[in-house]
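Have a look at the structure below before the remarks.
The values are calculated or read from the model by the stated rules, or taken from the named source; none is laboratory data. Since this is a predicted model, take the numbers as computed values, not measurements. Glycine gets a Cβ as well: all are built from the backbone with ideal geometry, and neighbour counts include every protein chain shown. Side chains included, ligands, DNA and RNA excluded: accessible areas come from the protein's heavy atoms. Shrake-Rupley method; radii C 1.70, N 1.55, O 1.52, S 1.80 Å.
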Amino acid sequence: GLVYMFNLIVGTGALTMPKAFATAGWLVSLILLMFLGFMSYMTTTFVVEAMAAANAQLRWKRMEKRKDDEDEDSSSGVSDSDVLLQDGYERAETRPILSVQRRGSANIFEITERVEMGQMASMFFNKVGVNLFYFCIIIYLYGDLAIYAAAVPVSLMQVTCSVTGNHSCSVGDSTKYNDTDKCWGPIRRIDAYRLYLAAFTLLLGPFTFFNVQKTKYLQIMTSLMRWIAFILMIILALIRISRGQAEGHPSMAQLSGIRNLFGVCVYSFMCQHSLPSLITPISKKKHVNKLVLLDYILILAFYSLLSFTAIYCFRNDTLMDMYTLNFTNCEIISVAFIRYFLGLFPVFTISTNFPIIAVTLRNNWKTLFHREGGTYPWVVDRIVFPAITLIPPVLVAFCTHDLESLVGITGAYAGNGIQYLIPAFLAYCSRKDTQLVFGSGTVNKHLSPFRHSFWIVFVLIWGFSCFIFVTANIVLSESKL
């Protein structure tokens, strides 16, 4: 579970981090990265606590229902032994084998059932809160898809245009290309980008209209490729620095770059929405918070190593939005296979994730508009929902391929909501609900180490002030332009 969490957090966001580090300055970047890592860990413990409270609520409701059923059965004259035998047999058949073996150690707050964030929102929030939750997660997933839809064509354009042009392998050198520069013959770079975007949409778009299942081997392959690529980039940058070929002279602090860095860092620590799927299958959850903390420390060290080797190895103005593209230059690496592997790395990994996120977004749209007991007409279910999932991110990618800004805005707005505000509200509302149902003396065994209400208030103030800061920064930078 913790290996999966590491793989989930260390994703595409990490590839845009070196450029954001260089723009904001190394000291500011390091302080902000450590602080946001701490904040993300705190809200992770809030989500785990809310999951335990949700499990307790579901268990309590079942116990109440069973009590009512037993009262009805005893009044209808059915013998108790028949009911117990039948009930015991059915529960043994439906209960997972592991929990049958551990029947004696049941605690009402044990996390045995997967309760997704949407279900927790509907349990603990009012109608407005539930709608705001879905709005936030939908905006975040749209941002994710737009980033993915832009990252693949950008990588393909950079690799293929440099190969066919006069600069046979100078993608990562100091040459700055404009979108209007020629790529192949009369075709400009922006035209090549849009052709690749169209091909990407035609190849992967249809998956949105179906269900994506059995992706285990794809995920294993993607994780393996990700590790090889990240370790290669760190080693290559270190070799270059040790040989005295480093060109980077990063500044200590540049406040103008904080907005993008903030969004990138928030995006790069995102895992809260996937915690139910990651934590629930872990059998012994006694020390889960300590192990998650260890995960966060490792991720923090990994991000710092990747970003610091990047900003000291390459000049600020040559760092690409997608860091892998800095390694497609012959001067940096002479082995053609490694150049192409790193240059096309985002194409392979992102292409496997795009259909999964698209299907998740489509299902969230369906849940948002779902009415109890109602079904959708075939056209709405199979055509309208997939279309409203696929078209907006492709249009955004068609209009811009500025990955740093896309990651920054997605992380700073929707990411801020999912990572800070929703977990804080979930922790607050679940604590209130637990006190109402079980009384004030009951203690949740998965209660967050940050149990004082000060921490919830602190996270909420931080989350809302981030919204204001990022919006003010965007407005000010736009007015300067």
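Size of the range 380-462: Rg and Dmax of its alpha carbons, in Å, are 19.6, 57.
Give me the accessible area per residue for the chain, probe 1.4 Å, as a whole number in Å². List each step's numbers first, then the result.
On the way: 23350 Å² over 481 residues.
That works out to 49 Å² for each residue.
Taking GluC sites (Glu not before Pro) in DSSP loop states with no more than 15 other Cβ atoms inside 10 Å as exposed sites, the chain has its longest site-free stretch at 114-246.
Legend: calculated FRET efficiency, residue 435 to residue 384, from the Cβ-Cβ distance at R0 = 51 Å, rounded to 0.05, equals 0.75. Across the chain, the longest piece that holds none of the trypsin sites (Lys or Arg not before Pro) lying in DSSP loops with up to 16 other C-beta atoms within 10 Å covers 1-101.
At a Förster radius of 41 Å, what calculated FRET efficiency corresponds to the Cβ-Cβ distance of residue 252 and residue 135, to the nearest 0.05?
Numbers: r = 39 Å, r/R0 = 0.95.
Computed FRET efficiency for residue 252 and residue 135 comes out at 0.60.
Taking 0.36 nm per residue of separation and subtracting the Cα-Cα distance, full extension of the segment from residue 298 to residue 195 would add 33.1 nm. The dipole here belongs to the chain: it is taken about the Cα centre, uses +1 on the Cβ of Lys and Arg and -1 on the Cβ of Asp and Glu, and is about 760 debye.
Rounded to the nearest 500 deg cm²/dmol, what is the calculated helix-only ellipticity per residue at 222 nm for the chain, with -39500 (n - 2.57) per DSSP H run of length n ≥ 4? Walk me through the intermediate numbers first.
Working: 18 runs with 319 residues, N = 481.
Roughly -22500 deg cm²/dmol at 222 nm, from the helical runs in the chain.
To the nearest 0.05, what FRET efficiency results for residue 62 and residue 468 with a Förster distance of 45 Å applied to their C-beta separation? E(calc), rounded to 0.05, equals 0.55. Split the accessible area of the range 204-246 by element, probe 1.4 Å, and carbon with sulfur accounts for 69%.
Summarise the accessible area of the range 262-325 (1.4 Å probe, protein heavy atoms) by the percent that is carbon and sulfur. After summing per-atom areas, the C and S share lands at 69 percent.
Each residue, residue 366 and residue 317, gets one label point 7 Å from its Cα in the Cβ direction; the gap between the two is 5.2 nm.
Whenever you get a sec, compute what percent of the accessible area on the range 361-433 sits on carbon and sulfur atoms (1.4 Å probe). Kindly include the intermediate steps, with their values, before the conclusion.
Working: 2330 of 3310 Å².
Result for the range 361-433: 70 percent of the exposed heavy-atom area is carbon or sulfur.
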